Amino acid sequence: MLFLKPKRFKVVDSTQKIAKEMAAKNCPQGLIIVADRQKESYGRLGRSWSAGVGGLWFSFVLRPKISLQKILVIAPLIAIALNKAIKKSFKISSKIKWPNDILIERKKVAGILVEASSRGRKVDWLVIGIGVNVNNRLPNFLQQTAATLKQVCGKNVSKEVLLESFAREFDLCYKKFLKVGFSSFVNFYNKNLSFYNREVIVFTDDLSQAGINKGIAKTGKLVLKMPQGIKRVSAGTLRLAD
Ligand code: BTN
């Protein structure tokens, strides 16, 4: 099994910060930090992330022997495992929103953050942070765009069941990925993608690009069909066009 016994905390600033410090000090792959509550958690693009009691908040360390170029496929790989774990644990129909959110009926229930450090052109460590809204209370400003598994299921659900299920699913995905590469995951990812074949807008730093969402390619990049041709996008924030 890839994962070590989780190190559990009641309250931390950020599981991500702790895992990164440990990764930099050469901790083994599979180290996993779980917290009941985080005071300074953050998400993609440095956005702050609400992490109160009741949610599943954790970070773990990977040391894949891959080139930096291949990092783009890691978030989709994790999204596949997390989406499977949510579906199987609670028998609900969730979807992946590119690049690495999990949605239920268009509301975000989970987010994935991938941070990396390299040695030359090779990955030294990856720290993956996962936040799942399970039984936590969402602040008012998130009520329109986010949901908890408790709201979806109509009752409290077990974060431990979800964590164990994710660990099993990711263990399988990761081993397969190291053996055969990412190509064999592409179809599965795209089948579970929300807004597939829909007109979307992808926002990057100072650019917004509209096109038809054709899912990801084997490089992990999003394929956008635009009037002027096919465009492949590495990162960004995706919205459905009105
Ligand atoms: C996103 O959707 O932007 C990713 C959110 C990732 C949040 C998790 S919660 C556990 C870990 N610790 C953090 O500070 N962030 C990640």
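The values are calculated or read from the model by the stated rules, or taken from the named source; none is laboratory data. Since this is a predicted model, take the numbers as computed values, not measurements. Methodologically, a virtual Cβ is constructed for each residue, glycine included, from the backbone with ideal geometry; neighbour enumeration extends over all protein chains shown. Only protein heavy atoms, including side chains, enter the accessible area calculation; ligands, DNA and RNA are left aside. Shrake-Rupley method; radii C 1.70, N 1.55, O 1.52, S 1.80 Å.
What the table shows:
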read-out: Residues located in the range 12-34, provided they are hydrophobic (A, V, I, L, M, F, W, C) and in a loop (DSSP other than H, G, I, E, B); value: C27, L31
read-out: Residue list for the range 14-30, restricted to those being within 14 Å of D124 (Cβ to Cβ), more than 11 Å from the ligand (Cβ to nearest atom) and touching a strand residue (DSSP E or B) at 6+ places or on another chain (Cβ under 8 Å); value: M22, A23, A24, C27, P28, Q29
read-out: Test: residue in the range 42-57 that is closer than 12 Å to I128 by Cα and either aliphatic (A, V, I, L, M) or more than 10 Å from the ligand (Cβ to nearest atom) (or both); value: no
read-out: Close pairs from the range 175-188: first open to solvent by 90 Å² or more (accessible area, probe 1.4 Å), partner basic (K, R), Cβ under 9 Å, at least 6 apart; value: L178/K65
read-out: Some residue of the range 145-154 being of a type outside the set (F, W, Y), part of a strand (DSSP E or B) and over 15 Å from I78 (Cα atoms); value: yes
read-out: Residue among L126, L172, L163 that is surrounded by 15 or more Cβ atoms within 10 Å (Cβ to Cβ) and in a helix (DSSP H, G or I); value: L163
read-out: Test: residue in the range 144-160 that is among the acidic types (D, E) and open to solvent by less than 60 Å² (accessible area, probe 1.4 Å); value: no
read-out: Among the candidates F58, F3, residue that is in contact with a Pro (Cβ under 9 Å, 6 or more places away or on another chain), within 30 Å of N187 (Cβ to Cβ) and at pLDDT 95 or above; value: F58
read-out: So N83, is it out of contact with any strand residue (DSSP E or B) (no Cβ under 8 Å at 6 or more places or on another chain), within 15 Å of the ligand (Cβ to nearest atom) and closer than 21 Å to R44 by Cβ; value: no
read-out: Wholly within the range 43-105, strands (runs of 3 or more DSSP E) carrying at least 2 residues that are under 24 Å from K10 (Cβ atoms); value: 56-62
read-out: Enumeration of residues in the range 101-110 that are in contact with a helix residue (DSSP H, G or I) (Cβ under 7 Å, 6 or more places away or on another chain) and closer than 16 Å to W57 by Cβ; value: I102, V109, A110
read-out: Pairs with Cβ under 8 Å, 6+ apart, first in the range 12-40 and within 14 Å of S117 (Cα to Cα), second open to solvent by 70 Å² or more (accessible area, probe 1.4 Å); value: K17/E40
